[in-house]
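Okay, structure first, notes after.
No lab work stands behind these numbers, since they all come straight from the coordinates. Model, not experiment: these values are computed from the prediction. Every residue, glycine among them, receives a Cβ derived from its backbone with ideal geometry; neighbour counts consider all protein chains shown.
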Amino acid sequence: MTRRTALQGFGAAAIAGLSTGASPVLSGTSLQSIAGERQMLFGAAVSAAHLRDPAFRDAVIREVGALTAEIEMKWSYVQPEAGMFDFADADIVANFAQAHQKRLHGHTLLWHRSVPQWAVDDWRAKPEWRLVEAFVGAMMTRYHGVESWDVVNEPMGVGERSGALRSSVYLDAFGPGYVAKAFHTARRHAPAAILCLNEFGLEYDTPEHSQKREGLLRLLKDLRRDEVPIDAVGIQAHLDLASQPAFNPDLFADFLNALGSMGFQVRISELDVKEADLQLPLEERDRRVAEAASRFLQVALANKAVGSVTCWGLSDKYSWLDETRANRGLPLDERFQPKLFRQAIAEALSWRGVPASTSGNKDN
Ligand code: G3I
């Protein structure tokens, strides 16, 4: 039996067991403990505001090994006006991580959606890299304990441009070389940090996702050729049940293999599941969410280049997917109780411990 065949069996069995509550898997063991046994990290995005909720804090302390600030380290948040930095909320997340011995992932240095308006206005008159340099330097100096940073977030285009760099304020101001320049800048300020390129829309067997995978691989190959200091690729994995039929395990495994063979670490950086039908009974909704996560994680975690899984939030009480809290796309429900999604993560992390000799090494 190859690893992949075994994994396919695992997915169905795991979810069947979960739905009856029959699976013994590790409900009393934290996700980070399970991940840690496999030298992996389990992380979650948190925000300073949500950390004021004691139940949320407890859940994060219990389950998570690494934190990502959901919004507080973005440029427009830290420097809404020229000449001033406001680190107060980013500090709340960083101090919480330190107080509870959690790792901190820096998110995100360059993102077209988080450039402050004053910088956009400046660049219209005169594109000056020194503004990027100052922000990157300020963040990497203040949060020098951060082990990994999203240096460039979502550089690829959408729709017809999905195989090329997106049209953005960075591309307009600095041309296509801005990606390499960003990584060189980051490396100067944090010689030992893991520098990541983070992207979404890479999971499905659709023309847009396929073009984006191919375009991203081309970009990464060029960056490697030019010795640009990039260590890791973040696959956001905002899964979507409407697109889920287009998840093709072989195609996604090939993509991971391509990244791994180029020497990149791979991080699942923003996992959550957007539902397609909120009218279904709760049990069925949770089963569908867990099944999608399970199918995805089976493939992702079969590849040894993948070293971490981070969810974009932890509880449905606080999710960007739906501020009315209707969506159930995170591992814990809005009362912080574990759902099948949590179980699917635990199962997938546990499965990673299966020795290669009994499962074949086709996908490694
Ligand atoms: O806090 C204010 C609130 O006071 C105000 O009433 C409300 C009105 O819209 O806005 C609130 O702030 C919002 C904030 O989320 C907190 O909810 C911002 O407008 C909104 O822009 C912000 O959205 C965040 C978004 O990134 C932009 O920064 C989402 O929470 C966050 O989940 C999302 O995260 C991104 C990743 O960085 C990159 N990948 C995709 C992911 C999801 O879009």
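The convex hull drawn around the Cα atoms of the stretch 134-293, when projected onto a plane and averaged over every direction, covers 10.8 nm².
For the chain, the relative contact order works out to 19 percent when only alpha carbon pairs closer than 8 Å and six or more residues apart are counted. Farthest toward the positive end of the dipole of the chain, out of Pro245, Val151, Ile230, is the Cα of Ile230, where the dipole comes from beta carbon charges about the Cα centre. When Rg and the Kirkwood radius Rh are both evaluated on Cα atoms of the chain, their ratio Rg/Rh stands at 0.96. About its Cα centre, the dipole of the stretch 276-322 is roughly 280 debye, where the only charges are +1 on Lys and Arg Cβ and -1 on Asp and Glu Cβ.
Taking the beta-carbon count within 10 Å as an exposure proxy, list Lys339, Lys304 from fewest neighbours to most.
Lys304, Lys339
For the stretch 107-195, averaging the sequence separation of C-alpha pairs within contact (under 8 Å, six or more residues apart) and dividing by the residue count gives a relative contact order of 39 percent.
Exposure proxy for Asp58, Asp122, Asp272: other Cβ atoms within 10 Å of each Cβ, ordered fewest to most, give Asp58, Asp122, Asp272. The alpha carbon centroids of the stretch 245-318 and the stretch 23-100 are separated by 20 Å. Once both labels are positioned 7 Å from their Cα atoms along Cα-to-Cβ, the gap between Glu128 and Ala276 label points is 5.1 nm. A simple charge model with +1 on the Cβ of Lys and Arg, -1 on the Cβ of Asp and Glu and nothing else charged puts the dipole of the chain at about 860 debye relative to its Cα centre. For a paramagnetic label modelled on Asn257 (point 7 Å from Cα along Cα→Cβ), amide N atoms under 19 Å away belong, within the stretch 213-229, to 213-218, 221.
So which trypsin sites (Lys or Arg not before Pro) in the stretch 141-200 are both in a DSSP loop and have at most 14 other Cβ atoms within 10 Å of their Cβ?
Numbers: sites: Arg142, Arg161, Arg166, Lys181, Arg187, Arg188; in loops: Arg166.
Counting only loop positions with at most 14 other Cβ atoms within 10 Å, none of the trypsin sites (Lys or Arg not before Pro) in the stretch 141-200 qualifies.
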